[in-house]
1. Using a simple spin-label model with points 7 Å from Cα along the Cα→Cβ vector, what separation in nm is obtained for B:Glu250 and A:Leu56?
2. Assuming R0 = 30 Å, can you tell me the calculated FRET efficiency for the pair B:Asp72 and B:Lys285, based on Cβ-Cβ distance, to the nearest 0.05?
3. Run the 1.4 Å probe and let me know the accessible area of A:Phe30, rounded to the nearest 10 Å².
4. Using the Cα centre of chain B as the reference point, and only Cβ charges (+1 on K/R, -1 on D/E), how large is the resulting charge dipole? Debye, rounded to the nearest 20.
5. Longer than 20 Å from Cα to Cα, which of B:Lys177/B:Lys285; B:Lys2/B:Lys285; B:Lys146/B:Lys253; B:Lys159/B:Lys184 are they? Say none if no pair is.
6. Testing the spin-label approximation: label points 7 Å from Cα along Cα→Cβ at A:Ile45 and B:Asn204. State their distance in nm.
7. Provide the descending list of Cα extents for chain B along its principal axes, expressed in whole angstroms.
8. What accessible area, in Å² to the nearest ten, does a 1.4 Å probe give for B:Met1?
Amino acid sequence: MSTHIQGKQLNVSAIKNGTVIDHVPSKNLFEVISILKLQNIDSQITFGSNLESKKLGSKAIIKISDKFFVQDEINKIAILAPQARLSIIKDYAVVEKQKISVPEYIHGITKCFNPSCITNHQNIKPKYTVLADNPISLQCFYCEKITEQEHFDFI
Amino acid sequence: MKGKSLVSILDYQVEEYLQIIQLASEFEALKHQNILHGKVVGSLFFEPSTRTRLSFESAVNHSGGRIIGFSDSNTSSSTKGESLKDTILTVANYCDLIVMRHPHDGAAKFASEISPVPIINAGDGANQHPTQTLLDMYSIYKTQGKLDNLTISLIGDLKYGRTVHSLLMAMMNFSPKFNLVSPKELCLPVEYKKILNAHSVPFNEDTDLHTILPETDILYMTRVQKERFSDPIEYEKNKNLYVLKSSMLENTKDNMKILHPLPRVNEISQCVDSSPKAYYFQQAKNGMFTRQAIISSILGLI
């Protein structure tokens, strides 16, 4: 594990305590930051993007000091980065790996694909039931229409 | 049903469908004459729909209730930029129940989430129109004496027709056989076929109206609209294939009845109107009794 951490230090420096979100697709890095509301966190955050990845070709990594997410928060990023890996760091060592799973219900995050949906005409946060998770398929709670992953338009 | 909004036909189960049908027949027999006395119904039509609005208004008036509201968003505060939420919360102060029609899908669902009084969806965009389905069911029951084991043929625009989709979902519970007759371009969406298959409901897709007529108990006609075709040539090819003429009724069953959600354009030739099998105007009248039944049930008066 120590070599793993040292390898990463070349690009994004290690943290003492906190959470590392690895294997985020580079193109979705800023959306992940936004969904997790990292802009409101006071502690140190470092991230790197367009890093080499055998799995993804190009990946991003985010390291947040002194922050531990609850499962609900984590599940939100499953929409953007289903392959992401979460590591809980204590004293520079990985003490736990958190699994990401797509939640059953989603509130907000992406617009309803149906242009006639009420959520696209009024100030209403969309809500969805997740029908399938690979690729993700969402059914709007209001208009009942389906939004597929390829049509996601993040709010 | 008491106090509960009616947004989608799936908000009700078989027991509730039967209860509404029973109550609608009681209203038709002129029972419960003044049952809505002292009640005020809000009627919010964010888009015009004269037929549906008059049906609801007549239902309230014939039951002794009062109705307030607007028939077009041009005469309402939504033209001043008021949000749907604010309109609902304001009007809910003045009435016991809100009937609403809105051009956007899901509007009634949203209103039902925030409204302190029950909402009846009188059509939300292309999505749902549950009172139409209940009046269709009452018409089927009245003309056939039952809902079970009927052959129901749905004709015309099966892709976009919300009344068709809702009727399929509701009647699916009564061991029907469905004939789905439409131009290829306007056939029933896959998701509905999946639901029918999952419930082992037999259905037959056809592009020819003639072949299904002899076995049909309920012939449900809908409009084939020009704007639904991406290719105008396709429309020209199809526009006369789904028109019902009186000569086509010769080999049909004696009990067969022709239903149509109206307005009709040319899909049922006027010569059919004098046939005892033409039922669409009575169907519209049944709508009034069905809406009396729905409003009274939701207000907990019956």
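The values are calculated or read from the model by the stated rules, or taken from the named source; none is laboratory data. Since we're looking at a predicted model, the values are computed, not measured. Neighbour counts are summed over all protein chains in view; Cβ atoms, including those assigned to glycine, are modelled from backbone coordinates with ideal geometry. Areas reflect the complete protein model, heavy atoms only, side chains present, ligands, DNA and RNA absent. Shrake-Rupley method; radii C 1.70, N 1.55, O 1.52, S 1.80 Å.
1. So the two model labels end up 7.1 nm from each other.
2. 0.75
3. Counting only protein heavy atoms, the figure is 130 Å².
4. Charge dipole, chain B, about its Cα centre: 440 debye, nearest 20.
5. Long pairs (Cα-Cα over 20 Å): B:Lys177/B:Lys285; B:Lys2/B:Lys285.
6. My value for the distance between the label points is 6.2 nm.
7. Projected onto its principal axes, the Cα set of chain B covers 54, 43, 39 Å.
8. Only protein atoms counted, so the area is about 40 Å².
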